[in-house]
There are 4 protein chains.
Amino acid sequence: MSETLGFIGLGNMGRPIATNLLKAGFGLRVYNRTPSKAASLGDMGAVIVETPLDVAVPGGIALTMLADDHAVEEVCYAKPSFVEKLGKGGVHVSLSTISPATARRLSKHHQQYGVEYVASPVFGRPEAAAAAKLFVCVSGAILPKKRVQPILGKIGQGIFDFGEDAGAANVVKLCGNFLVASTVEALAEMMVLAEKNGISKKAVAETIGQFSPMHKSYADLIAEGQFQPAGFRLALGLKDINLILQTAAESVTPMPFASLMHDRWLASMAKGRENLDWSAIALDAAEQAGIKTMAAP
Amino acid sequence: MSETLGFIGLGNMGRPIATNLLKAGFGLRVYNRTPSKAASLGDMGAVIVETPLDVAVPGGIALTMLADDHAVEEVCYAKPSFVEKLGKGGVHVSLSTISPATARRLSKHHQQYGVEYVASPVFGRPEAAAAAKLFVCVSGAILPKKRVQPILGKIGQGIFDFGEDAGAANVVKLCGNFLVASTVEALAEMMVLAEKNGISKKAVAETIGQFSPMHKSYADLIAEGQFQPAGFRLALGLKDINLILQTAAESVTPMPFASLMHDRWLASMAKGRENLDWSAIALDAAEQAGIKTMAAP
Amino acid sequence: MSETLGFIGLGNMGRPIATNLLKAGFGLRVYNRTPSKAASLGDMGAVIVETPLDVAVPGGIALTMLADDHAVEEVCYAKPSFVEKLGKGGVHVSLSTISPATARRLSKHHQQYGVEYVASPVFGRPEAAAAAKLFVCVSGAILPKKRVQPILGKIGQGIFDFGEDAGAANVVKLCGNFLVASTVEALAEMMVLAEKNGISKKAVAETIGQFSPMHKSYADLIAEGQFQPAGFRLALGLKDINLILQTAAESVTPMPFASLMHDRWLASMAKGRENLDWSAIALDAAEQAGIKTMAAP
Amino acid sequence: MSETLGFIGLGNMGRPIATNLLKAGFGLRVYNRTPSKAASLGDMGAVIVETPLDVAVPGGIALTMLADDHAVEEVCYAKPSFVEKLGKGGVHVSLSTISPATARRLSKHHQQYGVEYVASPVFGRPEAAAAAKLFVCVSGAILPKKRVQPILGKIGQGIFDFGEDAGAANVVKLCGNFLVASTVEALAEMMVLAEKNGISKKAVAETIGQFSPMHKSYADLIAEGQFQPAGFRLALGLKDINLILQTAAESVTPMPFASLMHDRWLASMAKGRENLDWSAIALDAAEQAGIKTMAAP
């Protein structure tokens, strides 16, 4: 049997990733705030522990897959924390989408305990996680990156290394999310132009879908006006856009598309659409062209 | 042998399209302002004529593949014109990317001569034209669309019908170009964010390329900073963005991404980059973040 | 008695201007499409004529105050036109807000008849016109500018000379309108911020009014939500913004505030507010922040 | 002699304000990080103290005029702080431009010590402060506002009350700064349009100056290209724009002009202009239109 790993965070992404690690023969010590979500992993042989601290074994490896910067900071800065318990020779593999600045601070924080921080945010939705088809961006010190490579190889179909800056992998993750958000906004505007010219949105979506798979899924969502249940909540989309703008400001980089999307998403929030899929920003684009849309829930 | 068709405009797109029609067994009467470009088609059996008027045979079909609205209007409104000569039962297949408003005006104009206008703008670059892999958007009256289907089937891999409004197919073509332009702008901003965070642009391009073929080619161009020779001239890109904004204004549709791109492209023109590939707008994005770029040619 | 002048266009601005010229002792030959509007001037001694052509006397001066580029072109390019009748030594004083490009074309056109074109757009609303308190921007050839100076001196409180380019005075007029439109948009956004923070809009308007008279009137309008009757119709505001963007594009000048206002005004048009005062764009700003506004008329 | 007041912060604004309070007969206990700046006030009778804590007398009033949120928080959250020493019945008059959110937090914090927080940000530049011509926006509890009114009456020409929310006065202050920033951006774009059309920027500034005093001073600065010494540093302008955007985001208010200015100011920072006057953003507007400008310092 391979090494035993710690794992914190068994949400929509964390659970399938942890499952794949178990299947690959790793031992797992898992923690989730809501214990019931850990049960199925227990059935597969994972040890379910009662505090984040307990996932760690000295000198070992622990992975986290949590909702946002705050959640990651909370478990890392706890007194005592799993980081402290990992101690000298330990490695923290951080899979969450967080700000590069937070990643850099965590990396520095971990050093005082002799723990290495490997930034490892992933591209892919829950289905890709279940199929071990994620794309993993990594950055951090060379040796720990090498050490965790066999682990990341079991959860994704590709690993992309962005060097030693702990923040770099998260910059790239934000870059990717920025491209997707831009695609959603562009499709939203385009669909309104089609509609106002009397053209079937579904026909346009079908045509566009021929050229670009990334555009296809959002074009279909917008054409059908099916924004519930949310694949990715609009409010989380705004959080990501804000992370992008914050990272851009810190590196003194004007990003006008991001600024514009900030306002589009904010208007959608103001209209009460925070729990719809983020492609529901298309409703605002339509309203701005005088089209009556369904009321917000 | 199939019917003989008229063909006006043998540029980068027109020539491979006309060649495919010859290969498919159609007779062709071709006209190009610069006669030398017609020579190779003559060798393959096309009749080279000396005026646009002469491509037409009464009641027949003529195709045009010209640079812009003005060029199409010039040949259609000439006195006498090939449209007049086509006369009752004739069909004009207009492959060019022009404004929906112009298409609608031409359609109406043609009716007085008993000629049907079939809007047929195409998606695809010269290589796709040569491989008969274009995607063709059509709109116009039902019977002539049916009549020209076997012709369009020889130049493309898919035909998408957007109904009877002569302007509709051109709206969809502009929609597609808008998506591509938005992709270029999003990649430009993203690459600057990466660069200002010390990350290799080529590494980011490689990662992005895994998810989205439409993003891949432009990401590579921007990462390499290789903007000459131009695949699509920046000045032509601005022309398309202006057609989009004009069509949006006519249908009272705000398109903030398009407005923003108008300004980015305009700044690039002001900096003397009209003949570079349109992905060279990335230079402006970089300069706005304080990065020194190569001087404009 | 002074010289007799021709005058075309007796709308909200033209009538008070013509009245002031009569009072100052000039003879007037006036034309208006709707003849009833000329009656009061007839009572004061003006000669009411039946065609635009008839306002002109050979070698004399004629003024126009018309709604837009099209209206000015129509009377100038008529066959025959008042310009032709003015003939050698004549001067056309064009008071309308039109595009610099149109002004330049008219200036060139007039030369073939020996007529000089003096661009003379004015700043000020109807009350300022009635009080002879307009500010007049002029450009064109030196001698005719000198010749018409006593006339312009009777309708305004200041004359600003922008040189010999016939388009220059209109550029400056558009510059001024751009500043006012920007003030309206800024106030609209600001008022929403105040409202969403629970602050009285009227109290903010009163405070702002202390510092800046230009801001005061629009701040009051927006705070009171009183958008009818329109001081300046929203649809005309969009026309001006479009003239600004067109002039900016021709001179390769990105103007991001203007682009953004284009979209704001367009959204307001799409929502059916074309006949409200242009400060009614504040309704859209409020709606985008989730505030319910009065329905459009 | 009137009551003795505490005063922290003797910068460009704080010194003239404190001077006016002394002249009006108030006793003053003053603190400044750089003691030399307090000397002249000592000559006029102020007691110069060595720590922020020492400005306070139990149950008394203390004013602060500090650079930013951080500086105000530092003196308020010190252990022990002047707030603690003011204690029950004390009042803190906060004159600085800070975020409404910080003001609200401070107000709550002060309550535990029985101290009232009166937000009192001021409009006006150092000359206005010296002339006691500031406009003061106040918000907070009714009784302490009444108590400090005689004090504020000695430093300004007008007091505007925005109710009991401690954040309100700061929202209004940010509203005002937003209007000024918008005026600067609008003038910058307008001047480029004039320049690209061959029109003298000084002539345009002179014309504009007739209508609007608020526009006049910035129009002159931009026309002359005189950005040093800075009346208001560009970097501080970005700080204010960021406070506006942050306040807008917290109240779910899209402010597209503010977003756009964020990017303009950020580009100017990236080009090394942080220490120029904020009207130097006009250089970026010019560069985007292809005009060569002076190099950044």
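Scanning the range D:189-206 for residues that are of a type in the set (D, E) and surrounded by fewer than 18 Cβ atoms within 10 Å (Cβ to Cβ) gives a single hit, D:E206. Suppose the filter is modelled with pLDDT of 95 or more and closer than 17 Å to C:A78 by Cα; does C:V47 pass it? Answer is no for this residue.
For the range A:251-297, the tally of residues that are outside any helix (DSSP H, G or I) and under 13 Å from A:A186 (Cα atoms) stands at 0.
Are any of the residues in the range D:242-254 at pLDDT 95 or above, within 14 Å of chain B (Cβ to nearest Cβ) and crowded, with 23+ Cβ neighbours inside 10 Å? Yes. With respect to the conditions (1) of a type outside the set (K, R); (2) closer than 23 Å to D:S139 by Cβ; (3) loosely packed, with under 14 Cβ neighbours inside 10 Å, D:L95 falls short on a single one, namely (3). For the range A:155-166, the set of residues classified as crowded, with 24+ Cβ neighbours inside 10 Å and at the interface with another protein chain (Cβ under 7 Å from one of its Cβ atoms) consists of A:F162 only.
Each row is one residue, and each column tells you yes or no for (1) under 25 Å from B:L260 (Cβ atoms); (2) surrounded by 17 or more Cβ atoms within 10 Å (Cβ to Cβ); (3) of a type in the set (F, W, Y); (4) more than 9 Å from chain D (Cβ to nearest Cβ).
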site	(1), (2), (3), (4)
C:N177	yes, yes, no, yes
C:I208	no, yes, no, no
C:P229	no, no, no, yes
C:L260	yes, yes, no, no
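Being crowded, with 22+ Cβ neighbours inside 10 Å and of a type in the set (V, I, T) is a condition met by no residue of the range C:282-296.
Just one of the listed residues (B:I151, B:I155, B:I142, B:I98) is out of contact with any Ser or Thr (no Cβ under 7 Å at 6 or more places or on another chain) and without any contact (Cβ under 8 Å) to a residue 24 or more places away in the chain, namely B:I142. Among the residues of the range D:282-294, those that are among the aliphatic types (A, V, I, L, M) and within 12 Å of chain B (Cβ to nearest Cβ) comprise D:A285, D:A286, D:A289, D:I291.
Residues in the range C:189-205 that are of a type in the set (D, E) and more than 7 Å from chain D (Cβ to nearest Cβ): C:E195 alone.
Is there a residue being farther than 29 Å from C:A249 by Cα and in the same structural domain as B:L266 (by TED's automatic domain parsing) anywhere in the range B:224-239? Within the range B:224-239, one or more residues are farther than 29 Å from C:A249 by Cα and in the same structural domain as B:L266 (by TED's automatic domain parsing).
Residue pairs whose Cβ atoms lie under 9 Å apart, sitting 6 or more positions apart in sequence or on different chains, and linking a residue in the range D:186-204 that is within 17 Å of D:K292 (Cβ to Cβ) to a partner that is of a type in the set (D, E) and part of a helix (DSSP H, G or I), are D:A188/D:D284; D:K201/D:E195; D:K201/D:E224. The lone criterion from (1) surrounded by fewer than 22 Cβ atoms within 10 Å (Cβ to Cβ); (2) part of a strand (DSSP E or B); (3) of a type in the set (A, V, I, L, M) left unmet by B:V57 is number (2). Report yes if C:D220 is more than 11 Å from every other protein chain (Cβ to nearest Cβ), free of Cβ contacts under 8 Å to residues at least 60 places away in the same chain and touching a helix residue (DSSP H, G or I) at 6+ places or on another chain (Cβ under 7 Å), otherwise no. Answer is yes for this residue.
Restricting attention to the range C:209-230, the residues that are farther than 17 Å from C:S182 by Cα and within 23 Å of the chain's Cα centre (by Cα) total 5.
Among the residues of the range A:245-268, those identified as within 14 Å of B:A289 (Cβ to Cβ), in contact (Cβ under 8 Å) with a residue 60 or more places away in the chain and aliphatic (A, V, I, L, M) are A:M255, A:A258. Just one of (1) more than 7 Å from chain D (Cβ to nearest Cβ); (2) touching a strand residue (DSSP E or B) at 6+ places or on another chain (Cβ under 6 Å); (3) farther than 30 Å from C:Y117 by Cβ fails for C:L152. It is (3). Among the residues of the range C:262-275 satisfying the criterion of being of a type outside the set (D, E, K, R) and surrounded by fewer than 22 Cβ atoms within 10 Å (Cβ to Cβ), which is farthest from the other protein chains (Cβ to nearest Cβ)? Of everything passing the filter in the range C:262-275, C:N275 is farthest from the other protein chains (Cβ to nearest Cβ).
Listed here are the residues, each with its yes/no results for (1) at pLDDT 95 or above; (2) under 23 Å from the mean Cα position of the chain (by Cα); (3) under 22 Å from B:P100 (Cβ atoms).
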| residue | (1), (2), (3) |
| --- | --- |
| B:I8 | yes, yes, yes |
| B:P52 | yes, yes, no |
| B:L66 | yes, yes, yes |
| B:A71 | yes, yes, yes |
| B:E84 | yes, no, no |
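When we screen C:E116, C:E74 for residues that are without any contact (Cβ under 8 Å) to a residue 12 or more places away in the chain and acidic (D, E), the only hit is C:E74. Every listed requirement among (1) buried (at least 23 other Cβ atoms within 10 Å of the Cβ); (2) out of contact with any strand residue (DSSP E or B) (no Cβ under 7 Å at 6 or more places or on another chain); (3) of a type in the set (S, T, N, Q); (4) more than 8 Å from chain B (Cβ to nearest Cβ) is met by A:N170 save one, (2).
The values are calculated or read from the model by the stated rules, or taken from the named source; none is laboratory data. Note that the structure is predicted; figures quoted are calculated from it, not measured. Here Cβ is always computed from backbone atoms with ideal geometry, including for glycine, and neighbour counts include all displayed protein chains.
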